[in-house]
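Each reported figure results from applying straightforward, stated rules to the coordinates on display, with no laboratory input. Note that the structure is a prediction, hence the values are computed from the model and not measured. Positions of Cβ are backbone-derived with ideal geometry, glycine not excepted, and every protein chain shown enters the neighbour counts.
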Amino acid sequence: MMRVIIIGGGASGLMAAITAARGGAKVTILEHQNQVGKKILVTGNGRCNFTNTDQDLSHYHSENLLNMAMILKQYTCQDTIMFFKDLGIFSKNRNGYLYPHSDAASAVLEVLRMECEHLKVKIACQIEVESIVKCDGVFQVNTPGWTYEAEKVILATGSKAAPATGSDGSGYALAQSLGHTVIEPYPALVQLLSKDKCLNALAGLRVDARAILFADDRPVISNRGEVQLNANNISGIPVFQISADAAKALAAGKKCHVVLDFLPDFTEELLVNFMKQRISTGGYKSAVNFLTGLFSKKLSEILCERCKFSKKLIAEKFTEDDITNLCKQIKNFKIQTYGTNGFEHAQCCGGGVSLDEIDPFTMESLKVSGLHFCGELLDVHGDCGGYNLQWAWTSGYLAGKAVND
Ligand SMILES: Cc1cc2nc3c(=O)[nH]c(=O)nc-3n(C[C@H](O)[C@H](O)[C@H](O)COP(=O)(O)OP(=O)(O)OC[C@H]3O[C@@H](n4cnc5c(N)ncnc54)[C@H](O)[C@@H]3O)c2cc1C
């Protein structure tokens, strides 16, 4: 019987374990936390957005897009839905974002664990894998108390994101020790740091906006949704979606700022006309009160401050320039950013083990036969919305299937 050791019992490792055991292998998971799947429990704010029906490849990012696409095509979102349906997870579809019907991430972890138990997968926790060597066709997996042996090893140790859940980046060193190249990891899906003093006044605000990242004054990427403004950072899904590009641009020494468009459905011209109409009925109001009903008081005050409106100015006294200026501030609210929050706050990592050195059909190392990889340890990360877990399921499935071939 083929002995398989899976290092890391996260989403990808559990999927690999189930698939390998179903194929007949004798599977052991070595996990250094006191339980498997800690990160699964915190996904989707505790609800686990486990995949997404929109699988456009633009939601995934890697230095090797061709291999990434080949891998993703082999185990799709539909396969994931069927896999979890068979395990008992009836899914809830929110605009294409899939969750377990119970809205409990713990349910996803529980069914994976139940299936592992059913398939007699051995799960050994609080085991730190320190090194792996291959001697005479057999892997020796060294831990402080024991050396485990197996014909096949799957590295599923995750990235450096959210290390409190167990992914402390130790997998990169294991991969490097076996001759693999690691593309420098960086935090992705993370807050953008800013010292802009407007944030002190706006802290706590959540507002629908389009967030546009500029690097050296050139637009790079934009995303729309609920932006959260905090005392020293900006956050929320649209900021997360642009954060990986910000991290890369900042690392390349570029100056970055984010422009928030607080009324993305209006063109600037339409907004000017709209403001003029509002003046015809509400011209008696102070500049700040004139914005009541469009924005929160805090934001209205900051917009007027940036336009340098005096406290006494009433809307009917706005000049053409005042109106243009106000509309510009509403649609081009600039916030300088100097960095991203660290790995401990990130939902995933960009970079990782290069796909150039991995067979895209078996997830097997092109350097060491019998060594397979899966999950976020690899150089693939997805947008917010179920894409990172889909990558974990797909790559875990392919690695688990291949070890029996
Ligand atoms: C707050 C948060 C919310 C998220 N929400 C979502 C979401 O809703 N949808 C989505 O698609 N993605 C989400 N993600 C991302 C997603 O959870 C990850 O991409 C995915 O879990 C990665 O799976 P993995 O198996 O590669 O790694 P992990 O889940 O990190 O598992 C790696 C495992 O390996 C173990 N390990 C590491 N090194 C060693 C070692 N040396 N020896 C032994 N064991 C080791 C770790 O303890 C860990 O259990 C979220 C992430 C975070 C942090």
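Connecting C-alpha atoms closer than 10 Å in a GNM of the chain, tell me which of Ala244, Ala287, Ala161 has the biggest fluctuation. Among Ala244, Ala287, Ala161, the largest mean-square fluctuation in the Gaussian network model of the chain belongs to Ala287. Residues Lys152, Lys276, Lys38 in ascending order of nearby Cβ atoms (within 10 Å, fewest first): Lys276, Lys38, Lys152.
Report summary: the helix-based calculation at 222 nm, which adds -39500 (n - 2.57) for every DSSP H run with n ≥ 4 and divides by the residues of the chain, gives -10000 deg cm²/dmol.
Taking all C-alpha pairs of the chain, those more than 31 Å from each other amount to 44 percent. Over all alpha-carbon pairs in region 191-341, figure out the percentage whose distance exceeds 28 Å. For region 191-341, the fraction of Cα-Cα distances above 28 Å is 21 percent.
Once region 10-119 is represented by equal point scatterers at the alpha-carbon sites, with solvent omitted, what log10 I(q)/I(0) does the Debye formula produce at q = 0.12 Å⁻¹? So the normalised log intensities are -0.46. Positive-end ranking of Tyr97, Cys327, Val288 along the dipole of the chain, with charges on Cβ about the Cα centre, is headed by Val288. Computed from the Cα positions only, the extents of region 341-405 along the three principal axes stand at 41, 21, 16 Å, in decreasing order. Within the listed set Glu151, Glu31, Glu376, the residue fluctuating most in the Gaussian network model of the chain (springs between alpha-carbon atoms under 10 angstrom) is Glu151.
Per-residue Cβ neighbour counts within 10 Å put Val258, Val220 in the sequence Val220, Val258, beginning with the fewest. Remark on Gly339: its backbone amide H falls under 5 Å from those of Leu193, a criterion applied only to residues 5 or more positions apart or on other chains, H modelled at 1.01 Å from N. Placing dummy labels 7 Å off each Cα toward the beta-carbon, the span from Glu63 to Gln176 is 1.3 nm.
Reported to the nearest whole Å, the Cα centre-to-centre distance from region 194-253 to region 8-82 is 29.
The stretch between Phe274 and Arg206, if pulled fully straight at 0.36 nm per residue, gains 22.1 nm over its current Cα-Cα span.
In the chain, the longest principal axis of the Cα atoms and the axis of helix 297-306 are about 70 degrees apart.
Per-residue Cβ neighbour counts within 10 Å put Thr165, Thr51, Thr337 in the sequence Thr165, Thr337, Thr51, beginning with the fewest.
Comparing mean-square fluctuations of Gly350, Gly137, Gly24 from a GNM of the chain with C-alpha springs under 10 Å, the top value falls on Gly137.
Taking all Cα pairs closer than 8 Å and separated by 6 or more residues, the relative contact order of the chain comes to 25 percent. In this rough spin-label picture, where each label sits 7 Å from Cα along the Cβ direction, the Glu316-Phe361 distance is 7.8 nm. In nm, to one decimal, how far is the modelled label at Lys297 from the one at Asp56, with both set 7 Å along Cα→Cβ? Computed distance between label sites Lys297 and Asp56 equals 4.1 nm. If R0 is 41 Å, the Cβ-Cβ spacing of Tyr284 and Arg224 corresponds to a FRET efficiency of close to 0.75. Charged side chains reduced to their Cβ positions (Lys and Arg at +1, Asp and Glu at -1) give region 191-341 a dipole of some 400 debye around its Cα centre. The orientation-averaged shadow of the Cα convex hull for region 293-405, equal to a quarter of the hull surface, comes to 11.8 nm².
Between helix 237-251 and the chain there is an angle of about 80 degrees, using the helix long axis and the longest principal axis of the Cα atoms.
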